[in-house]
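Please read the structure below before turning to the comments.
Any read-out appearing in this document is the output of simple, stated calculations on the displayed coordinates, not a laboratory observation. None of these values were measured; they are calculated from a predicted model. Heads up, the Cβs are rebuilt from the backbone with ideal geometry, glycines too, and the neighbour counts pull from every protein chain shown.
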Amino acid sequence: MSYNQLYINGQWLTPKNGQTFSSIDPSNEQEIAQVAAASVEDAELAVQAARQAFDQTDWSQQPKQRAVYLRAIAQEIRQQLDQLAEIEVRDNGKPLPEAVWDIQDAAGCFDFYADLAEQLAENQDEQIPLSDERFSSVVCKEAVGVACAIIPWNYPLLMAAWKVAPALAAGCTLILKPAEATSLTAMELGRIAEKVGLPAGVLNIVTGIGSEIGPYLTAHPEIDKVAFTGSVPIGKQIMQSAAHSVKNLSLELGGKSAFIIFADSDLDAAVEWIMFGIFWNQGQVCSATSRVLVEQAIYPELLKRLAEAAQKIKIGQGLEADVKLGPLVNAKQYQQVMNAIQQGKQDGVTLMSGGKRPAHLAQGYYVEPTIFMDVPVEHPLWTDEIFGPVVAIRAFETEQEAIQLANQSIFGLAGAVMSKDMARCQRVAGKLRAGIIWINCSQPTFTEAPWGGYKQSGIGRELGIWGLENYLEIKQITSYDSDQPWGWYNS
Ligand code: NAP
Ligand code: MG
């Protein structure tokens, strides 16, 4: 399959400068495809195409028709499930069952927003009561305009779906810029859009180098909205760049989420959810519960069980049977995670388990599931997002201390709490300063529920109705219904 063209205005175009970059399979470090590297001129073509489709067609006026396209995309994704999942494994490294979840969720996301597009068609205008009866006012919601969606590499097709589906449902047109490390399924989405006959210019996909085309797109005066998922530093740059034209902006950024385990918890369940919370998708998860706080009474026993369980996780190439941990996405991410581990070791933080490349895997960006214990609260292992299979654990004595430690972070994406005492779980959930709280679990994510963070974890919410509202403007239409003169001038 070839990936050396861009999908712009319903056509496959070779980048103006003819440039490509290579996408690699992180399990063997081999190139799997040459991917088109859009230049600023190509990005401009995509903006013009999206602008024209928004301004000069009735795309934004046809919610029912949009729902039909969204359902067709969902259906086509499901039909291509096996191929898409395999591409995702090869490009990103994740284990196949997780790639299958992603692709199924991506299809589900398109169906979900198809339903919301239909609801938009039905509840167009809302009459609102006014304090002055001489006037009447209706409120309607309409598409924000041309959107630019920039996504990371950890859930390639799913992150595309989280933005493309609600944007299209809302009636926006858009430009999608996938992450360099994992562009392939985004281009497959372009082929699917073409196959289902999505009108030209509605969805444009430009692969390329973020630092080259990103600033151009995010500052572009003809783009109305930027939706970004990625790191905090790039999120801050995008805020600045979008400020020039005061764009509508939503940001889904990083996290360092805490998981509080009380002593009355079932230890097997605690081990299972702690591991899932930090090791699934190799820990490259924005909401990963990478800080674990364990009540002192069970701390030694839980640590022992956790280390035993972590050592049993099967590590390997994502298509191999029973593999739970694949390679990290690329050399840069591998180096970053290894550096964080190295720093922990150098600073004398206690390494309980893992911390190196698995002995049987000489090639590929593999890192063992890694557990640090008694991690000091000021240490980078406790404060910084590592975005790898590395968990920092420490004990706590009181509920109040656990809450205080959990909230002591620049991030506020997620948090989790485990206890048999539901009243306590609810109390703690209410006090955690984060946008997503899990009780007696960690990570399950639902298209219906809002997703996003407090503090430096972002602005706005994706998914659910909130995800649609990200792409809608609110308009009031107020009329003066009285026969009487207004009388400001002529009273
Ligand atoms: P990243 O380096 O911030 O990159 C994200 C995207 O931005 C990529 O497509 C990247 O392109 C592009 N980009 C790079 N420089 C840019 C610029 N100056 N202007 C505009 N776009 C630019 O993040 P990442 O390493 O891909 O992803 C990991 C981060 O994403 C983590 O911090 C994680 O927590 C966060 N994340 C958050 C969520 C959430 O829902 N909150 C979900 C997933 C991930 P290139 O790939 O070409 O550099
Ligand atoms: Mg790749």
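So here's what we get for this one:
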quantity: Cα gyration tensor, the chain - rounded (a/c under 1.5), prolate or oblate; calculated: oblate
quantity: Principal-axis tilt of helix 156-170 within the chain, Cα atoms, nearest 10 degrees; calculated: 20 degrees
quantity: FRET efficiency, THR398 to MET239 (Cβ-Cβ, R0 41 Å, nearest 0.05); calculated: 0.60
quantity: Label-point separation in nm, SER137 to GLU29, each point 7 Å along Cα→Cβ; calculated: 6.3 nm
quantity: ³J(HN,Hα), Karplus 6.51/-1.76/1.60, whole Hz, each residue of the stretch 426-439, x for Gly, Pro; calculated: 5, 4, 5, 4, x, 9, 6, 8, 7, x, 9, 10, 10, 10
quantity: Ranked CYS140, CYS286, criterion: other C-beta atoms within 10 Å, fewest first; calculated: CYS140, CYS286
quantity: Distance between the stretch 214-291 and the stretch 356-433 - C-alpha centres, whole angstrom; calculated: 15 Å
quantity: For ALA149, residues with placed amide H under 5 Å, excluding near neighbours; calculated: ILE175, LEU176, LYS177, ALA227
quantity: Summed side-chain charge close to GLY415 - residues other than GLY415 whose Cβ falls under 10 Å, Lys, Arg +1, Asp, Glu -1; calculated: +3
quantity: Exceeding the 23 Å Cα-Cα cut-off - candidates LYS163/LYS324; LYS163/LYS225; LYS256/LYS455; calculated: LYS163/LYS324
quantity: Partners for LYS177 among aspartates and glutamates (Cα-Cα distance below 18 Å; same-chain residues under 8 apart left out); calculated: GLU41, ASP42, GLU44, GLU88, ASP91, GLU188, GLU194, GLU212, GLU222, ASP224, GLU252, GLU462
quantity: Order by protection proxy (mean Cβ within 10 Å, highest first), peptides 202-213, 170-181; calculated: 170-181, 202-213
quantity: Cα centroid separation - the stretch 470-488 against the stretch 88-157, whole Å; calculated: 28 Å
